[in-house]
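Inspection log for the structure reproduced underneath, given as structure tokens.
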Amino acid sequence: MRIAVVGDGVAGALAAAMLARAGAHVTRVPTGCGGTGLGPFGPALTALPDFQATAIGGSIPPVPGSSFSLGIAFGGWSADGAAWFLPFGDIGAPLGALPFPQIAGRLRSQGHAVRLADFSLAAMAAQADRFALPSADPRSPLSALAAGMHYSTDALTRALEGMAKAACTAPLRDVSLADGRVAALTLADGARIEADLFVDATGEAARLVGRLGGDWDSWANWLPCNRAASRVEREPLTPPPYAFHVADRDGWSATTPLDGARVTTALSVDGEGAAYENGVRSEAWRGNCVAVGAAAGLIEPVLGTPLLLAHNAVERLIGLLPRGTDQRIEAAEYNRLTLSEHERVRDAAVALWATNGRVGEARWDAARARAPDTLDWKLKLYGSRGRVPLYDDELFTRADWIAILDGQGLRPRRLDPLARAVSDAAVIGHAARLRDRLTSAVRGMPPHADQLRRYREAVR
């Protein structure tokens with residue numbers, strides 16, 4: 001199958017690399033407009049552990065300027081204003097059939113001050129500035145880890161381009177349409193590119209799929225920020241193994257550490273910077289054109305999801321590659337799955353706004369009264385008894401959801417009956433053993449700076 005991938009940045013390079021590895025005949029077409037294809041969120045991004053664990057993520061060579069990530073720290077969001085940490089990997093361990101969050105609830109009912117992050121190897125390692133790669137051995141404490149990365153978008157784009165066919169030398173000039181489909185692309189040098197399928201990775205401009213019609217479902221009511229401005233500062237010190245996302249009066253800001261630099265992106269409502277709109281395209285696949293990245297849907301990176309969403313979109317496309325010109329069945333399934341995944345990620349992002357503790361600030365006060373129905377149900381059930389329902393196509397696990405809601409300061413009103421049935425001594429003893437095991441594991445991990453130096457030396 002002949003596939004033309006249009007786009008300059010990470011999204012286009014990722015799509016071209018993955019499709020080429022899947023055996024497609026890929027032509028890469030630049031636009032000359034720049035951008036990442038993932039939204040205007042600055043020159044650094046977070047790769048969640050699920051991206052790093054995939055075939056394409058696992059085969060990316062060491063990328064200059066990268067740093068490791070064990071989670072995301074949040075400040076200014078919660079009810080008490082305290083910072084909290086969303087770790088990558090496991091939190092605690094069950095006691096028989098009793099999940100660890102219920103153990104934490106039981107300890108709190110006994111008057112113990114418990115933070116879930118105190119029972120996370122990733123959080124403890126990040127606090128101690130130590131790092132190790134996860135272990136595949138379930139007997140090892142390191143099997144509880146999950147590791148992500150912080151990438152320079154330009155450097156990651158170049159690495160992905162090296163895994164795909166070289167792009168056309170001339171950029172896109174025009175798009176020819178016929179019968180609701182892309183007929184061909186015309187390049188600045190007059191060359192004409194025809195293909196069986198066109199991938200639009202041009203970001204929020206949606207230069208192909210936007211020409212084919214369809215609706216953009218805005219989520220500005222729940223995610224109101226619409227401007228992003230970034231600055232890059234040199235950082236000679238070893239970067240921390242986590243990003244820091246801080247809420248403020250006007251919105252929030254992300255500080256993403258790279259090796260040698262620190263990137264801060266401020267996201268605000270009607271402030272300075274590039275414009276964007278959180279939302280999703282009603283049909284990401286129209287005719288013979290498939291949108292990936294911000295051309296398909298845009299959710300600001302408060303939980304580090306844009307790169308993984310783009311990857312999942314291309315992986316979904318590979319599983320649905322059509323054999324003929326009639327692509328309606330494949331398009332319908334792609335659109336169903338893409339919309340569902342974006343809505344689940346939207347809910348997780350909105351959860352931070354809907355549970356914020358910034359009382360007395362009009363924008364944030366209003367946000368607490370607004371949530372999609374699917375999120376509202378999740379919040380109510382968790383608030384009632386600590387249970388989190390999962391829908392199809394969830395990107396975040398139940399443990400992730402609990403970590404987010406617990407970090408925001410939400411506490412279930414009732415303790416699970418299973419937790420009440422366990423003795424005080426059993427619960428306290430289990431928690432003490434967990435802490436001892438995790439503390440010992442952290443002490444055995446090498447310093448984060450040493451691991452980062454080894455990674456830096458492996459850059460080719």
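The values are calculated or read from the model by the stated rules, or taken from the named source; none is laboratory data. Worth saying up front: this structure is predicted, and the values here are computed from it rather than measured. Note that we place each Cβ from the backbone using ideal geometry, even for glycine, and neighbour counts take in every protein chain shown. Remember, those area values only see protein heavy atoms, side chains included, never the ligands or the DNA or RNA. Shrake-Rupley method; radii C 1.70, N 1.55, O 1.52, S 1.80 Å.
Quick notes on this structure:
- For region 297-313, the criterion of being under 24 Å from residue 7 (Cβ atoms) and touching a Lys or Arg at 6+ places or on another chain (Cβ under 7 Å) is met by at least one residue.
- Given (1) in contact with a strand residue (DSSP E or B) (Cβ under 9 Å, 6 or more places away or on another chain); (2) at pLDDT 95 or above; (3) buried (at least 16 other Cβ atoms within 10 Å of the Cβ), number of the condition residue 294 does not satisfy: (1)
- Scanning region 363-420 for residues that are aliphatic (A, V, I, L, M), open to solvent by 20 Å² or more (accessible area, probe 1.4 Å), outside any loop (DSSP other than H, G, I, E, B) and farther than 30 Å from residue 269 by Cα yields a count of 3.
- Set side by side, the residues 48, 38 differ, and just one is modelled with pLDDT of 95 or more and under 30 Å from residue 135 (Cβ atoms), which is 48.
- Residue in region 276-297 that is farther than 17 Å from residue 217 by Cβ, part of a helix (DSSP H, G or I), more than 14 Å from the chain's Cα centre (by Cα) and among the hydrophobic types (A, V, I, L, M, F, W, C) present: no
- Residue 126 fulfils the conditions (1) open to solvent by 30 Å² or more (accessible area, probe 1.4 Å); (2) touching a residue at least 40 places away in the same chain (Cβ under 8 Å) except for a single criterion, (1).
- Helices (runs of 4 or more DSSP H) enclosed by region 54-144 - at least 3 residues per element that are at pLDDT below 95 and of a type outside the set (Gly, Ala, Ser): 100-109
Quick grid of which residues meet (1) among the β-branched types (Val, Ile, Thr); (2) open to solvent by 40 Å² or more (accessible area, probe 1.4 Å); (3) over 30 Å from residue 24 (Cβ atoms):
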site: 136; (1), (2), (3): no, yes, yes
site: 142; (1), (2), (3): no, yes, yes
site: 145; (1), (2), (3): no, no, yes
site: 149; (1), (2), (3): no, no, no
site: 154; (1), (2), (3): no, yes, no
site: 158; (1), (2), (3): no, yes, no
site: 162; (1), (2), (3): no, yes, no
site: 166; (1), (2), (3): no, yes, no
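- Residue match in region 198-207 (condition: surrounded by fewer than 13 Cβ atoms within 10 Å (Cβ to Cβ) and over 30 Å from residue 90 (Cβ atoms)): no
- Cβ separations smaller than 7 Å between residues 6+ apart or across chains give the following pairs from region 202-226 residues that are part of a loop (DSSP other than H, G, I, E, B) to residues that are hydroxyl-bearing (Ser, Thr, Tyr) and open to solvent by less than 40 Å² (accessible area, probe 1.4 Å): 202/31; 207/31; 208/202; 225/268; 226/276.
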